[in-house]
1. In nm, give the distance between the simple-model label positions of LEU192 and LEU67, each being 7 Å from the Cα along the Cα-to-Cβ direction.
2. If I stretch the segment between ALA76 and ALA182 completely, what's the gain in nm (0.36 nm per residue apart, minus their alpha carbon distance), one decimal?
3. Can you list residues from other chains, or at least 5 along the same chain, whose modelled amide H is less than 5 Å from the amide H of ASP122?
4. Please compute the Kirkwood hydrodynamic radius over region 68-108, one decimal place, Å, based on all pairs of different Cα atoms.
5. Can you figure out the FRET efficiency of ASP107 with ASP135, using R₀ = 25 Å and their beta-carbon distance, to the nearest 0.05?
6. Which value in nm describes the separation of the simple spin-label points at ARG126 and ALA151, placed 7 Å from the Cα toward the beta carbon?
7. Once you place label points 7 Å from the Cα toward the Cβ at LEU31 and ARG96, how far apart are they in nm?
Amino acid sequence: MSTWQDAGETVPREDAPRPGSRLFRAIEAALWVLVVALLVLRVTPPLRAALGWGAAGSEAPAVAFDLLGGGRLPLAQLQGRVVLVNFWATWCLPCRAEMPGLQRVYDERRAAGFTVVGISMDEGSREPVTKFLKDHGITYPVAMATAEAVAGFGGVNDYPTSFLIDRRGRLRYVIHGMMPSAPLRGTVDSLLAEAR
């Protein structure tokens, strides 16, 4: 039996669910289903990518990136390679933790046809981004985000968010959150092994 207070007096309330009651168990079960559903939604994309389970995919957006080192890189120019487009920011701790692993896989698989394109969501000057990349040994291509690039990928609101594109230019995986290097390596190998 629970109680509620009205105008300073405590009155027993019979209609509140009690532990052990059917209603309480139903509410508890519904909450557990919600928790499991949220976990599945959060874990499924990296797990699917790690296991190499992907849909046929839609065409990657026709966008171009303004690289920090100068020049413009149209995404279509990378067709024939497996491409990871990674939206990140210098102030994002999970992004910073993920980047050394991305760099390792880039170094190991670049000659086989894999590339990473980092898209910095930092606003303002390019200087802090350039300094961060130099200080952390990040050598894969990095561009500053543009409205065109963000819109092309359907809007990106959480970081890191990565998009894996196969050799035919099809968007195969979207990973919200960190992608550890071991599952990334396995997924990249599986995409590299696919026919062009």
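Nothing in this text is a laboratory measurement; each read-out follows from the coordinates by a stated rule. On a predicted model such as this, the values are computed, not experimentally measured, just so you know. Note that we place each Cβ from the backbone using ideal geometry, even for glycine, and neighbour counts take in every protein chain shown.
1. A separation of 2.0 nm, rounded to one decimal place.
2. Working: separation 106, 0.36 × 106 = 38.16 nm, distance 2.71 nm.
Stretched out fully, the ALA76 to ALA182 stretch lengthens by 35.5 nm.
3. Answer set, sorted by chain and number: THR90, ALA145.
4. Numbers: mean 1/r = 0.0819 Å⁻¹.
Final number for the Kirkwood radius of region 68-108 is 12.2 Å.
5. 0.90
6. 2.2 nm
7. The answer from the label model is 3.5 nm.
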